[in-house]
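Below: one structure, written as structure tokens.
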Amino acid sequence: MIRDVIRSMRIYQWTKNLVLFAGPVFTLKLLDPRFAVPSILGFFTFSLATSGVYLLNDVMDVERDRLHPGKRERPVASGRLSRAAASAIAALLIGAGLVLSFLIGPRFGMSAAAYVALTVTYSAALKHVVLLDVVAIAVGFVVRAVAGVELLRDRLGSAEAVEISPWLLVCAFFLALFLAIGKRRHELGILEGEASRHRAALGRYNLRLLDQLVAVVTSATVLAYAVYTIAPETVAKFHGRPLFLTIPFVLYGIFRYLYLMYAEEKGGNPSEHLLTDRATLANVLLWALVVLLILAWPAR
């Protein structure tokens, strides 16, 4: 049972919560111990709450998951973990995650609560509404990024002490939207005629529409990140350091995901690809290394 609970927590999905570190990184506070330690603690408490939501989602979607060739093997869908036990553990994880988040800071706690509310609403209703389902996922990533900033504000004790560029939030939104649309395309391909039975909104998509959405959002993501790196407020914040040197890594990461989606017919689980696809993992690590080197670059 413990093994099934850990599997249902989907710890590999915690990679999505790395967005929480966007605030510390891009406000130049990641290397400051006053903020690094709380950010790491915040990452784990936030992740506990998200794991609780994953379990709750498995309980709510148990019948639909049994129609999915991959999800049917999940502990709840397969019957190895009962709905009652999964519900109780979900409540425990969500409660513990939120309580610990509020102990870290009230603004961070409110952000975590807002994320839980959004994801529960998504599981209950929004995931069944075409287009709104992928938009809700993207908004969730923005809430994660905002949570990282709110954690810093809790530490500083001033709402005006930390500011994050709106362009960075736009980047988070479009990147998440890109990954969500890619996931829908993968699901539509493997489920074929069973798509609407698994999820009502999924049956209203088609490959042509999703390919058009991928093209639009891909361009928007790259453009938003490029504009962020050269925006006057970003240049001033980084004291002239060349953040634009990270653009090729973002571009390659998107190209790599497109390759996995179209050439290898993958894309159903972006978090898993981050951990299992060597090229993607190496690219992310190199991007992080270059960002750290840029932060150490002599200011103008």
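The values are calculated or read from the model by the stated rules, or taken from the named source; none is laboratory data. Bear in mind that the values here come from a model prediction, so they are computed numbers and not experimental data. Here the Cβ is made from the backbone with ideal geometry for all residues, glycine too, and neighbour counts use every protein chain on show. For accessibility, only protein heavy atoms count, side chains too; no ligands or nucleic acids. Shrake-Rupley method; radii C 1.70, N 1.55, O 1.52, S 1.80 Å.
Per-structure values
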quantity	calculated
From Ala215, Ala236, Ala201, Ala282, residue being of a type outside the set (S, T, N, Q), touching a residue at least 40 places away in the same chain (Cβ under 8 Å) and assigned to a helix (DSSP H, G or I)	Ala201
Criterion (of a type in the set (Lys, Arg), open to solvent by 50 Å² or more (accessible area, probe 1.4 Å) and either without any contact (Cβ under 8 Å) to a residue 24 or more places away in the chain or in contact with a strand residue (DSSP E or B) (Cβ under 7 Å, 6 or more places away or on another chain) (or both)) met by exactly one of Arg83, Arg64, Arg107, Arg72	Arg72
Given (1) closer than 24 Å to Ala201 by Cβ; (2) open to solvent by less than 30 Å² (accessible area, probe 1.4 Å), number of the condition Gly42 does not satisfy	(1)
Qualifying residue in region 256-279 (condition: more than 30 Å from Gly189 (Cα to Cα), open to solvent by 40 Å² or more (accessible area, probe 1.4 Å) and of a type outside the set (Asp, Glu))	no
Hits in region 246-300 - residues which are over 21 Å from the mean Cα position of the chain (by Cα) and either within 15 Å of Thr15 (Cβ to Cβ) or of a type in the set (A, V, I, L, M, F, W, C) (or both)	Ala263, Val290, Leu292, Leu293, Ile294, Leu295, Ala296, Trp297, Ala299
Residue within region 27-47 that is of a type in the set (Asp, Glu) and modelled with pLDDT under 85 present	yes
Unmet criterion (only one of (1) open to solvent by 60 Å² or more (accessible area, probe 1.4 Å); (2) closer than 15 Å to Phe173 by Cβ) for Ala224	(1)
Matching option when the condition is modelled with pLDDT of 85 or more and over 27 Å from Phe255 (Cβ atoms), among Leu156, Leu151, Leu179	Leu151
